[in-house]
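Asker: Quick one: structure below, then a few questions.
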Amino acid sequence: MAEQLISTAVHHTLPESYVRSEAERPRLDEVVPDADIPVVDLANPDRAAVVAQIGAACSSHGFFQVLNHGLPLEVMLAAMAVAHEFFRLSPEEKAKLYSDDPAKKMRLSTSFNVRKETVHNWRDYLRLHCHPLEQFVPEWPTNPPPFRDVMSTYCKEVRQLGFRLYAMISASLGLEQDYIKKVLGEQEQHMAVNFYPKCPSPELTYGLPAHTDPNALTILMMDEQVAGLQVLKEGRWIAVNPWPNALVINLGDQLQALSNGRYKSVWHRAVVNSDRPRMSIASFLCPCNSVKLGPAEKLIGEKSPAVYRNYTYDEYYKKFWSRNLDQEHCLELFRT
């Protein structure tokens, strides 16, 4: 099955199974190349200003970049370097890790959900569960040799940043600072190391088609040399151009629900290019499976009734994975 991985060979033509219909293609010439995604400097000593900036970004874009976020640069560079090293492993080495079972907590796979989809996406990825580390690290790849130590360090740093951001997002909604962290329970953490090889016909396919993230918060380290992330804003796709040493933050579906629709979990996609491969490392903070989710009670009132019903993350996540990635927003199925 590992021959399905696209990173094990050089492709001079795009296989038919990756070609989107005319109506579904990315129309790369219509993308806004230089729109401003909000950028927030977390080192700003005026905390109230930072909270206000984050709140504005969450309601206008659902996406923002953070500078001076506290992740040591050497930790970020090491994670990106070991990710590149991993995808340079031999096909035989990669074959040992391959699986197309979405339930597996550690798997090297391709596209999105090859068991369900009819058209594939130009992406290979390594999916890891990351919390608690001592439970999952023994299942992680042992090659390259530094992989486990480097990625464990990165995971710990990202988790702490996520909790700092939760406090500021809570405050921006007028909730207690620890509200989001508490209400989401003992959170799981997942990682997707995404590799998008050079593509012979980038205008015909996607790295990932338009989707929202089912979790609470996503922290993305992008390849600074190669852009590919795009966000839907007012009906137009806009390119996210990475700032040096920044991380990209995007709200997942659970924070849209918790905010009672004030904040947005927006459609985003990954496009590919014919010149260079691209790497990204996405870290996902996910609610505890069994906790009750839905709008914060403080945000519900006569003038702002609950937009979504209550549910568990287990129920939501199963529904998300049972659909195609680019179907309607999964939250629509949980409206009151």
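Asker: Would you list, by chain and number, the lysines whose Cα falls below 23 Å from the Cα of LYS198, excluding same-chain residues fewer than 8 positions away?
Answerer: Excluding near neighbours in sequence, the set is LYS94.
Asker: Another question, then. Of LYS182/LYS319; LYS182/LYS318; LYS116/LYS182, which ones are farther than 28 Å apart at the Cα? Intermediate results must be reported in sequence, preceding the final value.
Answerer: Working: LYS182/LYS319 24 Å; LYS182/LYS318 23 Å; LYS116/LYS182 35 Å.
Violating the 28 Å limit, Cα to Cα: LYS116/LYS182.
Asker: Follow-up. Please report the carbon-and-sulfur percent of the accessible area for segment 11-125; probe 1.4 Å, protein heavy atoms only, DNA, RNA and ligands left out.
Answerer: 52 percent
Asker: Roughly how big is segment 157-219's charge dipole about its Cα centre, with Cβ charges of +1 (Lys, Arg) and -1 (Asp, Glu), in debye to the nearest 20? Write out the running numbers ahead of the final one.
Answerer: Numbers: 5 positive and 7 negative charges, 22 e Å.
Around 100 debye, computed over segment 157-219.
Asker: When a/c is below 1.5 the answer is rounded, else prolate if a/b is larger than b/c, else oblate, so apply that to segment 202-257 with a ≥ b ≥ c taken from the square roots of the Cα gyration tensor eigenvalues. Mind showing how you got there, number by number?
Answerer: Working: a/c = 1.81, a/b = 1.16, b/c = 1.56.
It comes out oblate by the Cα gyration axes.
Asker: Mean separation of Cα pairs under 8 Å and 6+ residues apart, divided by the residue count of segment 198-266: what relative contact order is that in percent?
Answerer: Numbers: 83 pairs, mean separation 24.0, N = 69.
Computed over segment 198-266, the figure is 35 percent.
Asker: Straight-line reach from LYS233: which aspartates and glutamates have Cα under 12 Å away, leaving out those fewer than 8 places along the same chain?
Answerer: By straight Cα distance, LYS233 reaches ASP36.
Asker: Accessible area of VAL271, 1.4 Å probe, to the nearest 10 Å²?
Answerer: Using a 1.4 Å probe on the heavy atoms, I get roughly 10 Å².
Asker: Still on this structure, I have one more. Taking the simple approach of a point 7 Å from Cα along Cα-to-Cβ for both SER99 and ALA81, what is their distance in nm?
Answerer: Spacing of the two 7 Å Cα→Cβ label points: 3.0 nm.
Asker: Report the relative contact order of segment 120-229, percent, no decimals, based on alpha-carbon pairs under 8 angstrom and at least 6 residues apart.
Answerer: Across segment 120-229, relative contact order equals 43 percent.
Asker: Return the carbon/sulfur percentage of the accessible area of segment 226-336, one whole number, probe 1.4 Å, all protein chains in place. Display every interim value, and only then the final one.
Answerer: Numbers: 2410 of 4830 Å².
Roughly 50 percent of what the probe reaches on segment 226-336 is carbon or sulfur.
Asker: Does a label point 7 Å from the Cα of GLU92, set along Cα-to-beta-carbon, have any residues of segment 5-22 with amide nitrogen under 17 Å, and which are they?
Answerer: Once the point is set 7 Å along Cα→Cβ of GLU92, 8-9 turn out to lie under 17 Å by backbone N, inside segment 5-22.
Asker: While we're here: First compute the accessible area of segment 127-178 with a 1.4 Å probe, then give the percent of it belonging to carbon and sulfur atoms.
Answerer: Here it works out to 50 percent.
Asker: At a threshold of 8 angstrom on Cα-Cα distance, excluding pairs fewer than six apart, so keeping six or more, what relative contact order does segment 111-178 reach in percent?
Answerer: Here the relative contact order equals 15 percent.
Asker: Which value in nm describes the separation of the simple spin-label points at ARG115 and LYS182, placed 7 Å from the Cα toward the beta carbon?
Answerer: Label at ARG115, label at LYS182, 3.9 nm between them.
Asker: Which distance in nm do the two modelled labels at LEU28 and TRP243 give, with both placed 7 Å along the Cα-to-Cβ direction?
Answerer: About 2.7 nm separates the two model spin labels.
Asker: Here is a further query. Under a 5 Å amide H to amide H cut-off, with H placed in plane at 1.01 Å, what residues pair with GLU188 once short-range neighbours are removed?
Answerer: Placed amide hydrogens put CYS286, CYS288 under 5 Å from GLU188.
Asker: Keeping every protein chain present and rolling a 1.4 Å probe, give me the accessible area per residue for the chain in Å². Provide the component values of the computation, followed by the final result.
Answerer: Values: 14560 Å² over 336 residues.
Result: 43 Å² per residue.
The values are calculated or read from the model by the stated rules, or taken from the named source; none is laboratory data. These numbers were taken from a predicted model, which means no experiment stands behind them. Cβ sites come from the backbone with ideal geometry, for glycine too, and all protein chains shown count toward neighbours. For the accessible areas, the whole protein counts, side chains as well, though only heavy atoms, and no ligand, DNA or RNA atoms are used. Shrake-Rupley method; radii C 1.70, N 1.55, O 1.52, S 1.80 Å.
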